[in-house]
Amino acid sequence: MKKILIDLSKIKNLYSGLGQFSEQFGSYLNEEHAHEFEFHFLVPRVHDLHFSPLIKQIKVNPLLRWWRSSHEQYDLWHSLHQFPAYKPPRGFRQLLTIHDLNFLVEKNGNKKKAYLLKLQKEIEQASCVSTISEYTKSQIIEQFPDINKPIQVIHNGVKELTKVKPDYPKYLPKGDFLFSISLFSPKKNFETLIPMMKLIPNKQLVIAGNHDNKYGHHIKELIKLNGLEGQVLLPGTIKESEKVALYQSCEAFCFPSRAEGFGMPVIEAMQFGKPTFISNLTSLPEVGAKAAQYFEHFDEEHMANTIKAGLVQYYKHPEAHQHKIKDQANRFTWQRCMQQYINLYYDLTQ
């Protein structure tokens, strides 16, 4: 039986996109798949993780960076993120999953060049590359036209949150409200939602996520400056059960991000049949397709009018719209995602 090591070390931060991806990847690689290959998971030393008993867990160790014999037992090493801290030496078969090239937006000058050079080296060492969207694949080809490596697009799976029992928090608005959730980072573009809310005075806005950072403080200042303390709520980091309650209760979901490799919160909201209003940038049109509505730019009047007009259309035929939205969400299941990875594992270990 072929042996495959899968690097789940990023699971240590479950409030990040990479942490969520790693946790779900490990969870959905179940006993059915574990009979097809001998899987070993590389996991953080301090985390107690519960996966199939058929899967061996290996705690991260600095020796893994240098001890060549520790890699020789594997037929394939799968790095679940593009800048792995642990990886096999050159010459070993490696699958590299690239989520995004968001540093092209987030970094400038020499820092951007350094990230490009680092990613180029990672791609050169890998036997094969997978990406989570066609958009990310197009960026790789554009930035590294001379690298001749196979690139396979495997869209992310998204956990089925409609089966999770909701926990309704005390801060849940009584009336109609809009919802957004993500890490607080400039690329998430939350600052465009604040002045927009002055033009939608009959609704509240909840933005969930850890706001104890520089960008979070900036958003708080914007809320105060616009006199929206009672209209825009920042509950901070929330439990999954609270997130489900917010998706279930909100009138619509807003996601004006400027840089995404995929856009998991959009699909999560769509699972509940919610109208989603998102930016038309990077991977988001690929994820939302015709089931989402798009901000063409970030002028507050345009954004407010997009939401108002979109909700009017939604309420004309709510059941039909819900069906269309949920159908789009159902395209991104972990079952489909994992089967594509299993098929790729077979191809790479022949």
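A few notes on this one:
- For GLN94, residues with placed amide H under 5 Å, excluding near neighbours: TRP77, SER127, CYS128
- A straight Cα-to-Cα reach below 19 Å connects LYS137 with the aspartates and glutamates ASP100, GLU106, GLU122, GLU124, ASP146, GLU260, GLU286, residues fewer than 8 places away in its own chain not being considered.
- Here region 120-153 is scanned for amide nitrogen atoms under 14 Å from the site 7 Å beyond the Cα of PHE83 along Cα-to-Cβ, giving 120-123.
- Above-threshold pairs, the threshold being 25 Å between Cα atoms, out of LYS2/LYS159; LYS159/LYS188; LYS3/LYS59; LYS290/LYS316; LYS112/LYS243; LYS111/LYS214: LYS2/LYS159; LYS112/LYS243
- Length-normalised contact order of the chain in % [C-alpha pairs under 8 Å, at least 6 apart]: 15 percent
- Length gained on full extension, GLN125 to LYS59, computed as 0.36 nm times the residue gap minus the Cα-Cα distance: 21.4 nm.
- Reachable aspartates and glutamates, given that their alpha-carbon falls under 19 Å from the alpha-carbon of LYS203 and they are not under 8 places away in the same chain: ASP176, GLU191, GLU229, GLU251, ASP299, GLU300, GLU301
- Other residues within the sphere of radius under 11 Å centred on the Cβ of SER279, judged by their own Cβ, net out at +1 (K and R +1, D and E -1).
- Counted residue by residue at 0.36 nm each, then reduced by the alpha carbon distance between them, the extension gain from LEU199 to ASP176 reaches 6.8 nm.
- Summary of the geometry: region 111-150 and region 172-219, compared by the centres of their Cα atoms, lie 33 Å apart.
- For region 161-329: relative contact order, % (alpha-carbon pairs under 8 angstrom, 6 or more apart): 24 percent
- In this structure, ASN213 and ARG90 have a Cβ-Cβ separation that, at R0 = 35 Å, corresponds to a calculated FRET efficiency of about 0.40.
- The stretch between GLU36 and LYS111, if pulled fully straight at 0.36 nm per residue, gains 22.8 nm over its current Cα-Cα span.
- Summarising the amide proton neighbourhood of THR349: residues at separation of 5 or more, or on other chains, whose placed amide H is nearer than 5 Å comprise an empty set.
- Placing unit charges on each Cβ (+1 for Lys and Arg, -1 for Asp and Glu) gives region 182-252 a dipole about its Cα centre, and among HIS217, ILE207, VAL244 the Cα reaching farthest toward its positive end belongs to HIS217.
- In plain terms, the bigger the Kirkwood radius, the slower the diffusion; for region 161-329, with that radius from Cα pairs, at 10 °C and 1.306 mPa s, Stokes-Einstein puts D at 100 µm²/s.
- Computed over region 98-156, relative contact order equals 41 percent, with contacts defined as Cα pairs under 8 Å that lie 6+ residues apart.
- Working from label points 7 Å from Cα in the Cα-to-Cβ sense, the GLN340 to LEU225 distance is 4.1 nm.
Values in this text are rule-based calculations from the coordinates and carry no lab data. Quick caveat, the model's predicted, so the values are computed rather than measured. Using ideal geometry, Cβ is built from the backbone for each residue, glycine included, and neighbour counts are taken over all protein chains shown.
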